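Here's the structure, in structure tokens; my notes come after.
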Amino acid sequence: MTDRIARLNSRALIRVSGADAKPFLHNLLTQDVETLTDGEVRFGAMLSPPGRLLFDLFLWGEGGGVVLDMAADRHEALMARLSMYKLRARVEIAADDRPVIASWPGVAAGFVADPRTVAMGGRAIGDHVLDATEADYDAYRLSAGVPDPAADAGSDRTYPIEANFDLLNGIDFGKGCFVGQETTSRMKRRGEIKKRMLALTFDGPPPAPGAEVLNGELRAGEVLTGQDGVAMALVRLDRLDGALTVDGRAVAVQWPGWMGRG
């Protein structure tokens, strides 16, 4: 199958450079940044102090610094937050105007493997020949059961484990401290994972965001974003057995192979 290639207009870039760039980010983010090498990409996040998701990030090693691939509509907010944390660190924070590109189902020539899962193909920065749209990519992403945290989690509402960051290589539990680390590590250590984002399949157009997922009369979750036939939902893991409905319409949970059951 020929790989599809699309520009992700919903994403934007920030370059963090300078002598302290990697240790500065390492102390803030869920991912190990100090060992990031040029040409490598990792997945991670910035959390609030209580441990909720603020920004999902792809971290690109480049020129000894780090390029952050993030939601375009949160671009200025992240630059402001990084500047707040900067203090006397020897770092420079600047916008980077290059486009973010995705290839799927495989890693096209000139791309780097998506660090979340092999199911998500490849990722690149800079101009490439395009043959698909971001809507095509989103349809593929949903079929692979991978959330879009920027759209599905909002800001400061969802714990990263609920958005499957622990299963998508987005948290390095061995790296030591980061903002929000205490809550995140405790959830993982104690197994206090009651909800996760999972794809739902159904016939017809997607339910409205926020629509309730019901198991009989019990609330089992809420719909997030979606397209015809499939949507992401934040669901309670203890209420998935049985017939599920949304607005009276039958839905089915899809467990992607990269996740396993549970």
Exercise for the section: Starting from residues that are open to solvent by 20 Å² or more (accessible area, probe 1.4 Å) and part of a loop (DSSP other than H, G, I, E, B), keep the ones in the range 1-12 and report whichever is farthest from residue 134 (Cα to Cα). Expected result: 1
Practice task
Would you be able to tell me the number of residues in the range 125-145 that are of a type outside the set (D, E, K, R) and under 20 Å from residue 256 (Cβ atoms)?
Solution key: 7
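Determine, yes or no, whether residue 15 is under 24 Å from residue 135 (Cα atoms), charged (D, E, K, R), open to solvent by 50 Å² or more (accessible area, probe 1.4 Å) and in contact with a strand residue (DSSP E or B) (Cβ under 6 Å, 6 or more places away or on another chain). Explain how you work it out, then say what you get.
Details: under 24 Å from residue 135 (Cα atoms): no; charged (D, E, K, R): yes; open to solvent by 50 Å² or more (accessible area, probe 1.4 Å): yes; in contact with a strand residue (DSSP E or B) (Cβ under 6 Å, 6 or more places away or on another chain): yes.
So residue 15 does not fit the description; no.
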Exercise for the section: Report those helices (runs of 4 or more DSSP H) wholly inside the range 96-203 carrying at least 1 residues which are over 30 Å from residue 63 (Cα atoms), open to solvent by 10 Å² or more (accessible area, probe 1.4 Å) and of a type in the set (D, E, K, R). Expected result: 134-143, 181-190
Fill in the blank from the handout: Scanning the range 28-87 residue by residue, those part of a loop (DSSP other than H, G, I, E, B), aliphatic (A, V, I, L, M) and at negative phi turn out to be 28, 33, 36
Completion exercise
Scanning the range 224-242 residue by residue, the ones that are open to solvent by 40 Å² or more (accessible area, probe 1.4 Å), modelled with pLDDT of 95 or more and part of a loop (DSSP other than H, G, I, E, B) total 1
Problem - Matching residues, the range 68-78, being touching a strand residue (DSSP E or B) at 6+ places or on another chain (Cβ under 6 Å), buried (at least 17 other Cβ atoms within 10 Å of the Cβ) and of a type outside the set (D, E, K, R) - result: 68, 70, 75, 78
Exercise for the section: Determine whether the range 52-63 contains at least one residue that is free of Cβ contacts under 8 Å to residues at least 24 places away in the same chain and over 18 Å from the mean Cα position of the chain (by Cα). Expected result: no
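Would you mention how many residues in the range 211-223 are part of a loop (DSSP other than H, G, I, E, B) and open to solvent by less than 40 Å² (accessible area, probe 1.4 Å)? Let's see the steps before the verdict.
Let us first name the residues in the range 211-223 that are part of a loop (DSSP other than H, G, I, E, B), namely 211, 216-217.
Next, from what is left, pick out any that are open to solvent by less than 40 Å² (accessible area, probe 1.4 Å): 211.
Qualifying residue count for the region: 1.
The values are calculated or read from the model by the stated rules, or taken from the named source; none is laboratory data. Because the structure is predicted, anything quoted here is derived from the model rather than measured. Glycine gets a Cβ as well: all are built from the backbone with ideal geometry, and neighbour counts include every protein chain shown. Each accessible area value is taken on the protein alone, full model and side chains, heavy atoms only, with ligands, DNA and RNA left out. Shrake-Rupley method; radii C 1.70, N 1.55, O 1.52, S 1.80 Å.
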